[in-house]
Amino acid sequence: MHKQPSKKYRPFPPVSLPDRQWPNRVLKHAPVWCSVDLRDGNQALAVPMNIGQKLELFQTLVKCGFKEIEVGFPSASNTEFAFNRRLIEEKRAPDDLWLQVLVQAREDLIERTVESLVGAKKAIIHLYNSTSPAQRRVVFGKSKAEIVGVAVRGAQWIKDRLPRLKGTEVMLQYSPESFSATEMEFAKEISEAVMDVWRPTPKRKMILNLPDTVEVAMPNIYADQIEWMCRNIKNRGSLIISLHTHNDRCTGVAATELGLLAGADRVEGTLFGNGERTGNLDIVTVALNLYQHGIDPKLDFSNLNPLIEVYERCTGMTVPARQPYAGELVFTAFSGSHQDAIRKGLNEWKENGRTHWDVPYLTIDPRDIGREYREVIRVNSQSGKGGVAYLLESEFGIELPKDMQREFGPIANDEVDKLGREVTGAELKAMFWREYIERARPWELKRFETESKNGVVRCRAKFLRDGKPVELSGEGNGPLAALVHGFSKIGVSRFEIANYSEHALSSGEEAVAIAYIQIKHADGKTRWGAGVDTNIELASVRAVLSALNRS
Ligand code: KIV
Ligand code: ZN
């Protein structure tokens with residue numbers, strides 16, 4: 001890196017807008033959305049989508065509720081042209097969908113683009129040329145007036161060809177590409193020059209798209225630029241002001257949200273932010289951010305998982321694990337205190353019937369977008385006993401008593417810590433089995449029988465103690481009391497049963513029961529044990545041996 005960055009880079013000049021209004025506004029409704037997945041998203045793929053993939057993604061976007069979709073750059077290649085023709089000829093676009101196509105201000109390209117739209121119900125022709133000082137100087141070597149000339153000629157060539165699209169409802173769109181790096185006065189001048197050609201009216205508006213082609217400033221600057229344009233451009237009432245942000249500084253979403261506060265009506269972007277470099281605006285995030293504020297986003301993201309599957313299959317991209325809303329880990333709590341808070345919040349939500357969502361750490365109810373509560377709790381070395389207990393219960397129906405959770409939680413955490421990674425529910429169950437169920441030393445059960453007479457239960461049992469046979473008999477008011485008595489008769493240090501619970505682990509003829517028993521020794525020390533058997537009496541005897549074996 002440069003030792004003195006100020007010698008190489010300079011701050012972005014602020015927009016002079018001392019009475020800016022956008023910071024005091026709040027968003028109240030969804031904008032018009034336009035997906036540019038099939039154009040901006042597609043052009044940025046290492047392997048662009050083939051027609052089959054584009055068709056699949058197109059149908060998926062329609063299902064999400066997009067009413068405007070930029071389907072491509074028909075003059076750029078035969079594939080792009082053919083795709084557009086298929087959509088139109090096979091009537092794949094619903095009647096209320098605007099098919100948007102992008103074109104540069106070149107007559108031959110405009111000719112081919114118009115040709116690609118014949119027979120469409122509704123079409124948006126999107127003309128662009130780049131306007132920033134660097135683009136004018138480096139790429140085109142043209143003056144401001146010459147750059148305006150390019151835009152005006154392009155606008156005229158399109159206008160001249162509109163009669164060829166009889167029967168098609170056409171909307172026109174102009175983008176001064178690299179708008180956010182362009183002087184505001186010049187952005188206004190060139191946009192108004194295009195408006196002079198197209199002559200939009202409040203009834204027949206044109207779209208003025210103001211792209212943050214490359215993020216070069218903080219999002220408040222973009223908002224100022226949008227408000228400046230909304231307030232200064234002529235005939236604002238004849239325009240649909242549109243945002244198109246990229247994500248170079250990781251603030252594409254913020255820039256769009258502030259741009260909406262600043263007066264924009266429409267938003268272009270892609271699913272999960274696919275697009276050039278760091279990507280386009282992630283429409284899913286902006287839509288679900290609105291949803292989180294109680295605003296109907298007018299896009300249906302109620303089942304994100306299949307949407308992610310289609311997106312990944314068609315584009316070859318992957319949705320990162322931390323992607324807002326869509327990432328695999330965003331509804332997952334690793335920390336014990338987070339898990340605990342989420343559990344309490346979810347219980348309160350279920351039991352108290354709150355009207356508005358207010359669960360710690362979960363910005364929205366994962367089920368609203370087709371995600372699972374199961375994803376909320378996973379276990380690593382930072383997890384508390386709550387996460388461990390949750391996984392054992394939700395995956396295997398093992399309902400550890402609260403006090404036993406306190407004993408097993410740290411044991412599991414130690415093992416997870418040694419592994420140095422997150423563990424699955426099955427691994428946790430194996431740890432539990434090793435710790436409680438599979439211990440056969442010093443005590444191993446061979447036989448246990450009881451008989452009951454006049455309210456007194458007598459037991460006779462055979463064990464191995466460190467591999468050597470031992471027999472005992474005892475009596476009490478139940479099998480466990482008889483067993484404890486029998487142990488005291490053969491000289492095992494005194495203990496009592498402090499806690500007991502059991503439940504079925506499976507159903508049917510070969511139903512298996514699990515028993516949890518806490519024993520308390522004469523010195524006050526306690527130990528939990530657990531036993532599993534098809535016979536509940538034997539499960540509890542095994543649980544006593546497990547507790548003794550752990551003492
Ligand atoms: O990022 C951009 O400026 C574009 C334009 C073509 C709108 O994609
Ligand atoms: Zn773009």
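The values are calculated or read from the model by the stated rules, or taken from the named source; none is laboratory data. Keep in mind that this is a model prediction, so the values were computed, not measured. FYI the Cβ positions are ideal-geometry reconstructions off the backbone, even for glycines, and counts take in every protein chain you see. Just so you know, the surface numbers come from the protein's heavy atoms only, side chains and all, with ligands and any DNA or RNA stripped out. Shrake-Rupley method; radii C 1.70, N 1.55, O 1.52, S 1.80 Å.
Okay, here's what the table says:
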quantity: In the stretch 454-470, the residues that are open to solvent by 90 Å² or more (accessible area, probe 1.4 Å) and either small (Gly, Ala, Ser) or modelled with pLDDT of 95 or more (or both); calculated: ARG458, ARG460, ARG465, LYS468, PRO469
quantity: Lone qualifier among ALA262, ALA255, ALA326, ALA287 - being within 17 Å of PRO219 (Cα to Cα), at pLDDT 95 or above, away from ligand 2 (no atom under 16 Å from the Cβ) and surrounded by 20 or more Cβ atoms within 10 Å (Cβ to Cβ); calculated: ALA262
quantity: Residue tally, condition open to solvent by 20 Å² or more (accessible area, probe 1.4 Å) and either under 21 Å from LEU109 (Cα atoms) or within 13 Å of ligand 1 (Cβ to nearest atom) (or both), over the stretch 122-135; calculated: 3
quantity: Selection count where residues are more than 19 Å from TRP98 (Cβ to Cβ) and out of contact with any Leu (no Cβ under 9 Å at 6 or more places or on another chain), scope the stretch 26-61; calculated: 12
quantity: Residue within the stretch 292-299 that is assigned to a loop (DSSP other than H, G, I, E, B), on the phi > 0 side of the Ramachandran plot and either away from ligand 2 (no atom under 16 Å from the Cβ) or of a type in the set (S, T, N, Q) (or both) present; calculated: yes
quantity: Near pairs, Cβ below 8 angstrom, 6+ apart or cross-chain, from the stretch 221-244 (on the phi > 0 side of the Ramachandran plot and away from ligand 2 (no atom under 16 Å from the Cβ)) to any residue that is at pLDDT 95 or above and not in a strand (DSSP E or B); calculated: ASN235/MET195; ASN235/PRO200
quantity: Count of the stretch 139-161 residues which are open to solvent by 10 Å² or more (accessible area, probe 1.4 Å) and either under 40 Å from the mean Cα position of the chain (by Cα) or in contact (Cβ under 8 Å) with a residue 40 or more places away in the chain (or both); calculated: 9
quantity: Long-range neighbours under 6 Å by Cβ, at least six apart or interchain, first residue within 16 Å of ligand 2 (Cβ to nearest atom) within the stretch 202-217, second part of a loop (DSSP other than H, G, I, E, B); calculated: THR213/SER178; VAL214/ASP248; GLU215/ASP248; GLU215/ARG249; VAL216/PHE12
quantity: Any chance THR182 is of a type in the set (Val, Ile, Thr) and closer than 23 Å to SER35 by Cα; calculated: no
quantity: Residue selected from the stretch 69-78 under the condition under 17 Å from ILE158 (Cβ atoms) and part of a loop (DSSP other than H, G, I, E, B), by the criterion most open to solvent (accessible area, probe 1.4 Å); calculated: ALA76
quantity: Residue within the stretch 426-441 that is loosely packed, with under 13 Cβ neighbours inside 10 Å, under 23 Å from ILE490 (Cβ atoms) and among the charged types (D, E, K, R) present; calculated: yes
quantity: Criterion (assigned by TED's automatic domain parsing to the domain that holds ASN347 and modelled with pLDDT of 95 or more) met by exactly one of ALA498, ALA430, ALA389; calculated: ALA430
quantity: Residues (more than 16 Å from ligand 2 (Cβ to nearest atom), under 41 Å from the mean Cα position of the chain (by Cα) and touching a residue at least 24 places away in the same chain (Cβ under 8 Å)) located in the stretch 166-186; calculated: THR168, GLU169, VAL170, MET171, LEU172, GLU183, MET184, PHE186
quantity: Verdict on GLU268 being open to solvent by 10 Å² or more (accessible area, probe 1.4 Å), within 14 Å of ligand 1 (Cβ to nearest atom) and within 20 Å of VAL101 (Cβ to Cβ); calculated: no
